[in-house]
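Working notes for the structure below.
The values are calculated or read from the model by the stated rules, or taken from the named source; none is laboratory data. The model shown is predicted, which means the values in this text are computed figures rather than measured ones. Here the Cβ positions follow ideal geometry from the backbone for every residue, glycine too, while neighbour counts run over all protein chains shown.
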Amino acid sequence: MNTIAAHTADATTVEEGLAIQEQQAKFDSDSATAVAMTNTLLAPRFYTTNFDELDAIDVSNVRDDWDRLINRMVSDPNKGHFKKNADWDHIDWENMDPDLKKEFIDFLISSCTAEFSGCVLYKEMKRRGKNRDVTQLFQLMARDEARHAGFINDALREAGVAVNLGFLTQKKKYTYFRPKFIYYATYLSEKIGYARYITIFRHLEAHPEHRFHPIFKWFHEWCNDEFSHGEAFALLMKTDPKLTSGFNKFWIKFFLTAVYATMFVRDHQRPVFHQALGVDPDWFAYEVFTKTSKLSEQIFPLTLNIDHPRWQSTLEAIYKANVDLADAKAKKQVFRKTMAQLRAAWGFVSLLMIPSKKNVVPMSTRLEPVY
Ligand SMILES: [Fe+2]
Ligand SMILES: [Fe+2]
């Protein structure tokens, strides 16, 4: 019988990481799992795709950069990192301000679901594929995401709630995306994940008095994992110039807009959490969008004009529409709900109509995490 590592942080494969999660699941909370199960437009989703098409990728034209990236991931610099140690300060969950507790737990559950969503998709690709390059990459990325999700679940368990990840895998609804949409969406979520984690990490480095939970101390190595995952998707897109030209430029703009708008709305739903961090959500959004746009110039032929006079006000209008939507849903007001949905949709179209900025993509996609 194989002995498995005691903690997800030490797991060398995704299978091992998930087996550990499985053992812990009997203590996990139904309410946190129920939150992770929600399928609204804004909640993190699980994805499935055409794995055969993905498996047919040939990375020959990016071989040097590919091998360099894979070798770094195989060397596994973060093995053992994602677990509590002496730096993990005690948290008095009982006496935490109830509004902060609620928003912070919501943040942790949605982050855990998003990490695990990556894990499930990557693991499935690894399982179904035959292409050695592709399966190796997806195995390595699934390994990392299992550790990330496991670590957030450790933090949640201390608060008396944790997500039953095995249950989610089986029961959460899967959204089908064509491979190219998976590339755009996943590339962006990895790079925006990096930008979010590093921005919070640097901010708390300068203002440690705002670090109200120890998990933020782990964000530096964490964001480096996400950075590498983003690099891998940039290389996958680089294998086929069609993915970033012609009509696909519209899809790139669509996904950039959707990912940025979703982040803006979700972050503004957690005012107390951001106040505790000492972060203005408008500043944070602008900062993260700027970093993500700069990074995405490695592969995308356009960036969004976030300095356009309509950009900020339209995001605020979409946020307000979402607040009204939630309220109308709670009060079962069908007409008000429809109007709020239309306002949100119109806001999104209005963002899409802001002219984007052209970008000349460099020959090599390779970047280092410099923020
Ligand atoms: Fe992750
Ligand atoms: Fe990732």
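For this structure, a couple of remarks:
- Contacts under 7 angstrom Cβ, first residue in region 219-231 being more than 14 Å from R72 (Cα to Cα) and more than 10 Å from ligand 1 (Cβ to nearest atom), partner part of a helix (DSSP H, G or I) and among the β-branched types (V, I, T), 6 or more apart: F219/I200
- Any hit, region 335-356, residues being surrounded by fewer than 14 Cβ atoms within 10 Å (Cβ to Cβ) and basic (K, R): no
- Condition check for E158: among the charged types (D, E, K, R) and within 12 Å of ligand 2 (Cβ to nearest atom): no
- Checked against the criterion of being out of contact with any His (no Cβ under 9 Å at 6 or more places or on another chain), away from ligand 2 (no atom under 16 Å from the Cβ) and part of a strand (DSSP E or B), the candidates T257, T175 yield just one match: T175.
- Single condition V163 does not satisfy, out of (1) part of a helix (DSSP H, G or I); (2) within 16 Å of ligand 1 (Cβ to nearest atom): (1)
- Residue tally, condition part of a helix (DSSP H, G or I) and either away from ligand 2 (no atom under 11 Å from the Cβ) or more than 25 Å from M263 (Cβ to Cβ) (or both), over region 117-145: 17
- In region 268-283, the condition of being crowded, with 22+ Cβ neighbours inside 10 Å and farther than 20 Å from R202 by Cβ is met by no residue.
- Taken over region 31-81, the criterion of being at pLDDT below 95, under 21 Å from K123 (Cα atoms) and among the hydroxyl-bearing types (S, T, Y) is satisfied by T33, Y47, T48, T49.
- Within region 178-199, tally of residues that are away from ligand 2 (no atom under 16 Å from the Cβ) and within 30 Å of M96 (Cα to Cα): 1
- Any hit, region 71-79, residues being part of a helix (DSSP H, G or I) and surrounded by 13 or more Cβ atoms within 10 Å (Cβ to Cβ): yes
- Subset tally (residues that are within 15 Å of ligand 1 (Cβ to nearest atom), in contact with a helix residue (DSSP H, G or I) (Cβ under 6 Å, 6 or more places away or on another chain) and among the small types (G, A, S)) for region 113-145: 2
- Pairs where the first residue, in region 341-356, is of a type in the set (V, I, T) and the second is outside any helix (DSSP H, G or I) and surrounded by 12 or more Cβ atoms within 10 Å (Cβ to Cβ), C-beta under 8 Å, 6+ apart: I354/L304; I354/N305; I354/H308
- Answer from S293, S313 - the residue that is touching a strand residue (DSSP E or B) at 6+ places or on another chain (Cβ under 9 Å) and free of Cβ contacts under 8 Å to residues at least 40 places away in the same chain: S293
- Residue check, L236 more than 16 Å from ligand 2 (Cβ to nearest atom) and in a helix (DSSP H, G or I): no
- Boolean, T338 is among the hydroxyl-bearing types (S, T, Y), under 19 Å from the mean Cα position of the chain (by Cα) and more than 16 Å from ligand 2 (Cβ to nearest atom): no
- For Y184: the one exception among (1) over 19 Å from S228 (Cα atoms); (2) buried (at least 24 other Cβ atoms within 10 Å of the Cβ); (3) more than 16 Å from ligand 1 (Cβ to nearest atom): (1)
- Meets criteria (surrounded by 16 or more Cβ atoms within 10 Å (Cβ to Cβ), within 16 Å of ligand 1 (Cβ to nearest atom) and modelled with pLDDT of 90 or more) for Y197: yes
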